[in-house]
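Shown next, in structure tokens, is the structure this report addresses.
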Amino acid sequence: MGYKTITVVLTDAAADAAALHAARALADQNDAHLDVFCIGIDPTRFEAMPAGSSAVLLETGLEEAKSSAAALAKWARGRLPDQMARLAIEPVAVPQMGLETLVARLARYSDLIVASKPYGKGRPPLLVTVLEAELFGTGAPVLIVPEAPPVGEKPFRRVVVAWNESSESFAAIRSALPVLQKAERVDLIMVDPPAHSNERADPGGAVSMMLARHGVRTEVSVLARTLPRVSETLLRFSREHDADLMVMGGYGHSRFRESMLGGATRDMLQMADLPLLMAH
């Protein structure tokens, strides 16, 4: 079992450099095909325009998007090995209003999508749009990588799995099996499991048994929420145990609720300094 098609969607050379590097390294590691989609955004604003000018503006905007996509594809080609056989680089021009639909369509056939960390100083807003399209529109797992250190050159050694019994966290665990099977240590952690949980008598026991049948041995830890946010508890555990990857569900609440009120997914995307493998 492994990832045979790995995809990365690029919108900005500077912001997506780490994601492209990780995607290439993971493709090599898994002997997988790498799809690189280079997106150029049509800057045309769809609002009232003088008669006769709309066609000219639309054509100009489309040409600008095509030029941006071609330049991004040229940049990507220059950062990938010439001898890489299982590789497809495709420049794609798209209106900004259609970006989420396009990204979901392009990436939906992937076994694993690699994405840039969307939040941080100087990070383009488009990164959030692309990541949410990948998580909500494809059903594929998404590996979100920080800008440094480089990711993917070696198998992940120590993995932390955040388990809260949700469909999202279970989807992430199932999607992460190829990674978990190669890891030296897997810690399954639960933060303040609910009192009414079916697993209260044996926290994490059922999912640990499932993983064991796939050759993955886990250490289960039940943690008290001693910090204001669940994300802070997860990250502290990861740092204390020298983890190099966290597996977790993505957006257990709606995007609107997380954007307005916050949530573990958004907090992790903002605060995490290690790669995150998420599924929704």
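The values are calculated or read from the model by the stated rules, or taken from the named source; none is laboratory data. Computed from a predicted structure; not experimentally measured. Quick reminder, even Gly has a Cβ in these numbers, built from the backbone with ideal geometry, and neighbours come from all protein chains shown.
Listed by first and then second residue, the pairs with beta-carbon distance under 9 Å, at least 6 apart or on different chains, first residue in the stretch 231-242 and farther than 16 Å from Val159 by Cβ, second crowded, with 20+ Cβ neighbours inside 10 Å and β-branched (Val, Ile, Thr), are Ser231/Thr265; Thr233/Ile189; Thr233/Val191. Scanning the stretch 151-178 for residues that are touching a helix residue (DSSP H, G or I) at 6+ places or on another chain (Cβ under 6 Å) and more than 24 Å from Arg236 (Cβ to Cβ), we see that the one that is surrounded by the fewest Cβ atoms within 10 Å (Cβ to Cβ) is Glu153.
All told, Leu188 falls short of being more than 19 Å from Met278 (Cα to Cα) and modelled with pLDDT of 90 or more.
Could you check how many residues of the stretch 187-211 are in contact with a helix residue (DSSP H, G or I) (Cβ under 7 Å, 6 or more places away or on another chain) and either without any contact (Cβ under 8 Å) to a residue 40 or more places away in the chain or small (Gly, Ala, Ser) (or both)?
Total meeting the criteria: 3.
Each row is one residue, and each column tells you yes or no for (1) modelled with pLDDT under 95; (2) buried (at least 18 other Cβ atoms within 10 Å of the Cβ); (3) in a helix (DSSP H, G or I).
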| residue | (1), (2), (3) |
| --- | --- |
| Gly215 | no, no, no |
| Arg239 | no, no, yes |
| His253 | yes, no, no |
| Gln270 | yes, no, yes |
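Here Gly52 passes the criteria (1) crowded, with 19+ Cβ neighbours inside 10 Å; (2) modelled with pLDDT under 95 except the one numbered (1). Does Ala201 satisfy being among the small types (Gly, Ala, Ser) and over 17 Å from Ala172 (Cα atoms)? In short, yes. Does Gly61 qualify as being at pLDDT below 95, surrounded by fewer than 14 Cβ atoms within 10 Å (Cβ to Cβ) and not in a strand (DSSP E or B)? When the stated conditions are applied, Gly61 does not pass them. If you go through the stretch 221-231 and pick out every residue that is crowded, with 17+ Cβ neighbours inside 10 Å and either modelled with pLDDT of 95 or more or of a type in the set (Ser, Thr, Tyr) (or both), you end up with 1.
Here Gln181 fulfils each of the conditions (1) among the polar types (S, T, N, Q); (2) modelled with pLDDT under 95; (3) surrounded by fewer than 21 Cβ atoms within 10 Å (Cβ to Cβ) apart from (2).
In the set Pro81, Pro43, only one residue is modelled with pLDDT under 95, over 18 Å from the mean Cα position of the chain (by Cα) and under 19 Å from Pro150 (Cα atoms); that residue is Pro81.
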